[in-house]
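Structure first, then comments.
Readers should treat all values here as calculations from the given coordinates under stated rules, not as data from a laboratory. Here the structure is a predicted model, which means the values were calculated and not measured. When we count neighbours, we look across all protein chains shown, and the Cβ atoms used for this are built from the backbone with ideal geometry, even at glycine.
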Amino acid sequence: RVKSLPKDFVWGGATAAYQVEGSTKVAGKGKTMWDDYLKAQGRFSPDPASDFYNRYPEDIELSRKYGLNSIRVSIAWTRIFPEGYGKPNQEGVAYYHRLFKECLDQGLEPYVSLHHFDSPQTLFENGDWLNRKNIDYFVDYAEFCFKEFTEVKNWFTINELISLAYSQYIQGNFPPNHHFDVTSGIQAQHNELVAHARVVNLYKKLGLPGRIGLIHVIQPIYPIDDTPENVHAAKLQDAFMNKFLLDGTFLGYYSDDTMESINEILRLNDAHLEIEDGDLDILAKAAPQNDFFGMNYYQNQFIKAYHGESTNSFNGTGDKGTSSFKFKGVGEAVKKEGVPTTDWDWNIYPEGLYDSLKRVSRDYPNCKTIYITENGLGMKEEKPAEGEILADDKRIDYIDQHIEAILRARDEGVDVQGYFVWSLQDQFSWANGYNKRYGLFFIDFETQKRYIKKSALWFKELADTIK
Ligand code: BGP
């Protein structure tokens, strides 16, 4: 369907340190909140993941060969500061210098996140983002990185603030596994926004020559029908999943309309939010200073009103029909006829991406340039025979439909400048392990051998149309 890409389009693959690097116990690295948790859970290990710590030259070479001009990576906070603060670990610092050099030497522009779900264990134990002291440590870590890694010109502070807060405290499938702990869920969102804003303000104060932004996953919420009850439920769910964070980031305050919904949710769930003196000044100062916005998009949600007790079950195995979500006083996620779903019950709905791009550019003038920083299809896939190419036509179709939606929004004036597929190569998935694959390149996790998927060839064909 999509025939060509715009001039100078950023065309990349995305990774995250903990999901690709492996080598979690080497070279002075400290533990993240996942190490002991995954061990105790006993389902899957973060080692060796994609062994990117050792094999990055190979993956970067593949990226170049298949036409990518950019790559999204994250720095593991615990490779730089094993305990989250204190003395920097020189081996970790040296590793990222080597990685960035390799990217640049191969003609790939690195887009670098400072935090991608991998809080240091020490800070996790003292409250993670719920402890305001950890915001200070994050700002210090960011400052160190800005001054050290001057070869990086494109920074993201935090990846998917909502997914982290939601998975930790609402859905309960990330450590510490709280379910519908609404106070923590909203407080973590706010505190992470303050952390982001402080880092943006610092970056601008330092007058550094690069660009900075953050990454939100947008999950557009639609009422299942137009009854007032369901329309209201969708409005509440949207405030919790999207609008609270978008307002905080790009307006620099939470609008009355947003707070009306948030307060209704808090009331119904005996929860509260604390905004400290000065927080809103920090947000207001940062809002116009974001250079760009990284939007991740996978799926939308259809919502119906729900008044019973909150319950949910998370589909971590890829068995269709096993996920459910019911949020007291807010809503219940339901499926809509005619909308296909993945094996993990995620709706396939490219129109949601188009709608989200239009919405963000219409409602948030401070949101200037947008990059789609993640989008892709998770599947179970078998290793191809030697010399054969894995035919992932479903993934190509998924990406194709979503690029089409992006280009349509762009034609209508939304400033989208690039696309990073999730994911570059197959990786370790936080709550699904190794059987949910997203990559352009298949990895046999036992031998670490890379195999080409058809989507990589398709990516290359489109890459060749970028002038
Ligand atoms: C996003 C994360 C990624 C990645 C992706 C796919 O929320 O930023 O780190 O994991 O989702 O999610 P999953 O692995 O659960 O399918």
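Annotations for the structure displayed:
- A simple spin-label model places the labels of E461 and N263 5.5 nm from each other, with each point 7 Å out along Cα-to-Cβ.
- Across the range 429-444, coupling constants 3J(HN,Hα) worked out from phi with the 6.51/-1.76/1.60 Karplus curve, θ = phi - 60°, read 9, 2, 10, 10, x, 9, 9, 10, 9, 10, x, 6, 10, 7, 10, 7 Hz, and Gly and Pro carry x.
- Remark: the range 10-463 carries a charge dipole of roughly 800 debye about the Cα centre, counting +1 on each Lys and Arg Cβ and -1 on each Asp and Glu Cβ.
- Built amide H within the under 5 Å cut-off of S313, gap 5+: S324, F325
- Rounded Å value of the spacing that divides the Cα centres of the range 210-239 and the range 128-154: 29
- Full-stretch length increase - Q106, D411 - with 0.36 nm per residue and alpha-carbon distance subtracted: 106.7 nm
- When the charge dipole of the chain is built from unit charges on Cβ atoms (+1 for Lys and Arg, -1 for Asp and Glu) and taken about the Cα centre, the candidate among A16, L206, S4 whose Cα reaches farthest toward its positive end is S4.
- The spacing between the range 281-314 and the range 1-64, judged by their C-alpha centroids, is 24 Å.
- Farthest toward positive dipole pole in the chain [+1 Lys/Arg, -1 Asp/Glu at C-beta], among P57, V194, C145: P57
- Projecting the Cα positions of N69, Y169, T322 onto the charge dipole of the range 10-463 (unit charges on Cβ atoms of Lys, Arg, Asp and Glu, taken about the Cα centre) puts N69 furthest along the positive direction.
- In plain terms, the bigger the Kirkwood radius, the slower the diffusion; for the chain, with that radius from Cα pairs, at 25 °C and 0.890 mPa s, Stokes-Einstein puts D at 110 µm²/s.
- Charged-residue dipole, Cβ positions (Lys, Arg, Asp, Glu), the range 387-467 about Cα centre, Debye nearest 20: 220
- Both radii are taken from the alpha-carbon atoms of the range 36-135; with Rh as the Kirkwood radius, Rg/Rh is 1.02.
- Distance between modelled label sites at D226 and K3, nm, 7 Å Cα→Cβ extension: 3.6
- Taking amide hydrogens as placed 1.01 Å from N in the peptide plane, the amide H of T32 sits under 5 Å from those of Q121, each at least 5 positions away in sequence or on another chain.
- Between the beta carbons of D270 and K133, assuming R0 = 25 Å, the FRET efficiency works out to 0.40 to the nearest 0.05.
- Distance between the pseudo-spin-label points of D400 and E446 (7 Å out from Cα toward the beta carbon): 3.4 nm.
- Partner aspartates and glutamates for K336 [C-alpha distance under 13 Å; skip if fewer than 8 residues away on the same chain]: D225, D345
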